[in-house]
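Data first, discussion second: the structure below is written as structure tokens.
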Amino acid sequence: MRCMFYRSVRGLAGILAITTAMAGLCVSVAAAAQPAAKPANRPSTPDATPFKQEIPVAAYQIEMSPIPGSRDGKIKPFYISRHEITWDAFDVFVFNLDVEQASLSEIDADIVTRPSKPYIPPDRGFGHEGFAAISVHYKNVQEFCDWLSVRTGRLYRLPTEDEWEHAARAGGDPKSKYGSIAPEALGDHAWYAANSSEAPKPVGTKRPNAWGLYDMFGNVQEWVVGRDGKPTTKGGAFDDPSEELAITKSAVQEKSWNSTDPQVPKSKWWMSDAPFQGFRIVCEMKDGAPAKYEAPKPSPSSPAPAAPAAPPQPSLAPSPK
């Protein structure tokens, strides 16, 4: 009887094992039939892929990432630089390094205005290669965007305040101070007063946000076009407390940012006391690709004024007696 009992138990166990295996196989087949889930918070801009913008005459490329538009449609898809713009790219513009290998007609000197040469080292001794360009005035970075547009044929500009906040949030909770970044993890993503030793660091040395953008918070604060159309800055800097890095925070230029500039009037290109000020750029998107730059058409010229009439010439014939 005991033998028959154990045989019955082993038989039932075998049936249960086969049933379980078949159930597992069905689950596996069903899972395989489902499409793979997309990574959370990843931009889903149709047909748009990242690209690298080469800088004329420099062995350097700016990495540009596609950013999806907002759900309400108010923010259209665009590209934004993954890192803050570094001296590697900015030096070519500032010091005319591209002029030696291109004619003035290629550069279009009527459109591009170059900055004055800085009278002190613009990097302030913090570092140059791989470091964000700093102490740059709003006009300076706007002209850089114009120069890059002319030289590359793509439409570059500064981000708007809304675009910057959208990219910084990276699909995260709208109520979160740092978007996709948890407040307790801020130190893994940003250089600020608590961890920077009061100095900017090379770009991209902290972790990116959920959309692959580095240093959106801290390191150097970034120029944007404010909602009122005027210059403002976002993101906070290496010398700010964490509260000043929040997405909704902004700062406008103060007189103290250029107080020690000895020039009269003060420079409209450089800021003598703003080693915390930098920028990143946007490339406009059209049909899932970088938008083309179109040079402004010249305004119709006025007709040339008529030349003044020549004064009468004295006669050389002898006068009658």
| Unmet criterion (only one of (1) under 28 Å from residue 143 (Cβ atoms); (2) open to solvent by less than 30 Å² (accessible area, probe 1.4 Å)) for residue 214 | (2)
| Any chance the stretch 164-178 includes a residue that's within 21 Å of residue 277 (Cβ to Cβ), in a loop (DSSP other than H, G, I, E, B) and at pLDDT 95 or above? | yes
| said: Can you report the number of residues in the stretch 84-100 which are closer than 27 Å to residue 165 by Cα, surrounded by fewer than 20 Cβ atoms within 10 Å (Cβ to Cβ) and not charged (D, E, K, R)? | reply: 1
| task | Kindly provide the set of residues from the stretch 181-205 that are part of a loop (DSSP other than H, G, I, E, B) and either surrounded by 21 or more Cβ atoms within 10 Å (Cβ to Cβ) or in contact with a strand residue (DSSP E or B) (Cβ under 6 Å, 6 or more places away or on another chain) (or both), ordered by number. | result | 181, 190, 192, 200, 201, 203
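Per-residue answers, yes or no, for (1) farther than 28 Å from residue 202 by Cβ; (2) buried (at least 17 other Cβ atoms within 10 Å of the Cβ); (3) under 20 Å from the mean Cα position of the chain (by Cα):
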position	(1), (2), (3)
240	no, yes, no
245	no, yes, yes
254	no, no, no
257	no, yes, no
267	no, yes, no
273	no, no, no
285	yes, yes, yes
288	yes, no, yes
| remark: (1) under 22 Å from residue 277 (Cβ atoms); (2) small (Gly, Ala, Ser); (3) at pLDDT 95 or above all hold for residue 69 apart from (1)
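The values are calculated or read from the model by the stated rules, or taken from the named source; none is laboratory data. In this text, all values refer to a predicted model and were calculated from it rather than measured experimentally. Cβ atoms come from the backbone with ideal geometry, glycine included; neighbour counts cover every protein chain shown. Note: accessible area is taken over every heavy atom of the protein model, side chains too, but ligands, DNA and RNA are not part of it. Shrake-Rupley method; radii C 1.70, N 1.55, O 1.52, S 1.80 Å.
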